[in-house]
Amino acid sequence: QVQLVESGGGLVQAGESLRLSCAASGRAFDRYAAAWFRQAPGKAREFVAYINWNGLSTKIDNSVKGRFTIARNTTKNIVNLEMNNLKPEDSAVYYCNSGGYFSNDQYYSGSYWGQGTQVTVSS
């Protein structure tokens with residue numbers, strides 16, 4: 001079993017930065033890929049970024065490429081999402097996911113989800 005807890009969300013102005021963290025517990029996490037998703041009100045949950053089990057392979061969605069980066073600390077079992085130059089359209093609840101896999105340029109989410117952290121970007 002893997003438990004995921006997100007943190008780092010908040011209210012910022014357009015152009016500012018935030019770092020989201022996903023802290024994982026459970027011995028299997030170091031063998032799992034991880035990813036970030038987001039969901040804005042009235043919209044479907046969407047993929048944001050993926051990182052493989054050892055942190056050497058990543059994928060960033062085109063909508064945030066060049067502004068967001070993903071990294072993991074394998075010692076501390078933490079996956080971070082660094083978000084720069086935030087825009088109002090980035091406002092959403094951000095979720096951490098693990099246990100999935102990446103194939104054919106797409107991440108298939110696993111069964112482990114965090115509770116989410118709210119990001120609000122004002123214009």
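The values are calculated or read from the model by the stated rules, or taken from the named source; none is laboratory data. Since the model is a prediction, treat every value here as computed from it, not as a measurement. FYI the Cβ positions are ideal-geometry reconstructions off the backbone, even for glycines, and counts take in every protein chain you see. Only protein heavy atoms, including side chains, enter the accessible area calculation; ligands, DNA and RNA are left aside. Shrake-Rupley method; radii C 1.70, N 1.55, O 1.52, S 1.80 Å.
Within the set of pairs 6 or more residues apart or between chains, which connect a residue that is under 16 Å from Q1 (Cβ atoms) inside region 11-28 to a residue that is hydrophobic (A, V, I, L, M, F, W, C) and open to solvent by 30 Å² or more (accessible area, probe 1.4 Å) with Cβ atoms less than 7 Å apart?
These pairs meet every condition: C22/I78; A23/V5; A23/I78.
Output the residues belonging to region 44-66 that are over 25 Å from D30 (Cβ atoms), over 12 Å from the mean Cα position of the chain (by Cα) and open to solvent by less than 70 Å² (accessible area, probe 1.4 Å).
Across region 44-66, the qualifying residue is only S63.
Need the failing condition index for D30 against (1) in a strand (DSSP E or B); (2) in contact with a Ser or Thr (Cβ under 8 Å, 6 or more places away or on another chain), just the number.
Only one criterion is unmet by D30, namely (1).
Hey, among the residues in region 104-123 that are more than 15 Å from E46 (Cα to Cα) and not small (G, A, S), which one's most open to solvent (accessible area, probe 1.4 Å)?
Looking at the filtered set, the residue picked out is N104.
Across region 74-123, what is the total count of residues that are among the charged types (D, E, K, R) and over 14 Å from S17 (Cβ atoms)?
The number of residues fulfilling the criteria is 3.
Considering only residues of region 70-99 that are part of a loop (DSSP other than H, G, I, E, B) and modelled with pLDDT of 95 or more, which is surrounded by the most Cβ atoms within 10 Å (Cβ to Cβ)? Steps first, answer last, please.
So in region 70-99, the residues part of a loop (DSSP other than H, G, I, E, B) come out as 74-77, 84-87, 91, 99.
Keeping just the survivors that are modelled with pLDDT of 95 or more gives 84-87, 91.
Working: N84: 14, N85: 13, L86: 22, K87: 14, S91: 19.
Filtering first and then ranking leaves L86.
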